[in-house]
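Trainee: My questions will all concern the structure given below.
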Amino acid sequence: MPDRSAAVDEQAVLDELYGLRSDRFTAARTGHAARARQAGDRALAARITALRRPTLAAWASNQLVRAHPGQVEPILRLGEGLRRAHRELDGGRLRELTEQQRALVHALSVQARRLAAEAGQPLQEAAVQEVEQTLHAALADPDAAQQWAGGRLTRALAAAVDLTGATSRLTRPAGTEAPSPPARHRAGRRVGGAKSAVADQNRREREQRERQERITQARRQAETDAREAAARADDATTARQALYIAEADLTLAESDVERLTGELRRAEAVQRQARRGAGQRWQEADAVAQQARQRAADSAARAKEAGSS
């Protein structure tokens with residue numbers, strides 16, 4: 001008989017499975033599927049069995065959402081801002097947001113690397129790049145952002161659209177036709193209508209070319225700004241590394257100064273002690289010499305008295 005009292009919570013199972021290390025996923029999935037079958041829910045057991053084990057990069061991306069849920073909303077807001085700036089061709093805003101994008105993606109990828117290492121699943125460079133690719137996809141595509149925010153990815157994400165949120169095709173969708181001009185009853189009007197239609201078509205094509213040129217120019221500017229932002233970020237990283245090295249060197253130098261200062265103080269103490277000992281020994285020797293001179297003088301005096309007598 002199925003154990004109805006042991007009903008399995010599907011959402012709880014998903015949360016647990018996609019929070020586990022990838023090397024523990026399969027065994028846990030098998031156990032949950034068996035419990036679902038035991039509870040009589042064969043459909044749930046089949047759905048659990050069909051769940052895909054996440055790649056290492058997907059698992060690390062899920063851990064970011066779970067360990068730092070406060071980072072989800074900034075990513076969603078930044079992605080919307082970037083897409084709006086692209087749509088509005090706002091170069092200044094786009095440059096600002098591109099810098100924020102690079103900084104945030106870098107910071108999150110560092111966190112993902114640290115979380116994975118702490119969990120005993122260190123990320124290789126290829127996996128780190130896939131984590132960054134997933135974050136860029138979440139910034140570019142609102143659907144990808146929602147998938148990432150769910151914390152249940154099975155593979156790295158890739159943006160399906162550009163940051164404008166629209167496809168690149170500018171042609172008319174299949175199955176639609178341009179409206180034909182109304183029929184004219186007189187030859188003169190037909191000629192005039194044809195000329196007007198041609199003029200309208202030329203104007204639309206010209207506007208379309210101009211619009212495409214503006215979009216192309218904006219994208220090129222965005223790429224240039226992104227490269228400049230990347231260069232500045234690399235310079236900042238190099239500067240931070242130099243600072244860390246300088247601070248380490250300073251710490252070592254301060255340690256050497258402290259050690260040498262201690263040695264100097266000990267040497268000075270030994271010197272003072274040696275000087276005090278030498279002074280004391282000189283005084284003792286001088287006293288002994290004075291006593292010897294006194295004894296010699298006394299002996300000479302006694303010898304003189306004896307000779308005179």
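Trainee: All but one of (1) assigned to a loop (DSSP other than H, G, I, E, B); (2) within 18 Å of R83 (Cα to Cα); (3) at pLDDT 90 or above hold for A137, so report the exception by its number.
Mentor: Single failed check for A137: (1).
Trainee: With respect to A45, determine if the residue is out of contact with any Gly (no Cβ under 9 Å at 6 or more places or on another chain), in a helix (DSSP H, G or I) and touching a residue at least 12 places away in the same chain (Cβ under 8 Å).
Mentor: yes
Trainee: Residues R77, R114, R95: which one is basic (K, R), under 22 Å from the mean Cα position of the chain (by Cα), closer than 26 Å to R232 by Cα and at pLDDT 90 or above?
Mentor: Details: R77 fails: at pLDDT 90 or above; R95 fails: at pLDDT 90 or above.
Among R77, R114, R95, only R114 is basic (K, R), under 22 Å from the mean Cα position of the chain (by Cα), closer than 26 Å to R232 by Cα and at pLDDT 90 or above.
Trainee: Scan (1) over 21 Å from G151 (Cβ atoms); (2) touching a residue at least 12 places away in the same chain (Cβ under 8 Å) for the single condition R29 breaks and write down its number.
Mentor: Checking R29 against (1) over 21 Å from G151 (Cβ atoms); (2) touching a residue at least 12 places away in the same chain (Cβ under 8 Å), the one that fails is (1).
Trainee: Within region 244-254, is even one residue modelled with pLDDT of 70 or more and either aliphatic (A, V, I, L, M) or part of a helix (DSSP H, G or I) (or both)?
Mentor: Quick first cut of region 244-254, residues modelled with pLDDT of 70 or more only: none.
Within region 244-254, not a single residue is modelled with pLDDT of 70 or more and either aliphatic (A, V, I, L, M) or part of a helix (DSSP H, G or I) (or both).
Matching residues to (1) assigned by TED's automatic domain parsing to the domain that holds A138; (2) part of a helix (DSSP H, G or I):
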position	(1), (2)
T30	no, yes
G40	no, no
Q63	yes, yes
Q71	yes, yes
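The values are calculated or read from the model by the stated rules, or taken from the named source; none is laboratory data. These numbers come from a predicted model, not from an experiment. Please note: Cβ atoms are built from the backbone with ideal geometry, for glycine as well, and neighbour counts cover all protein chains shown.
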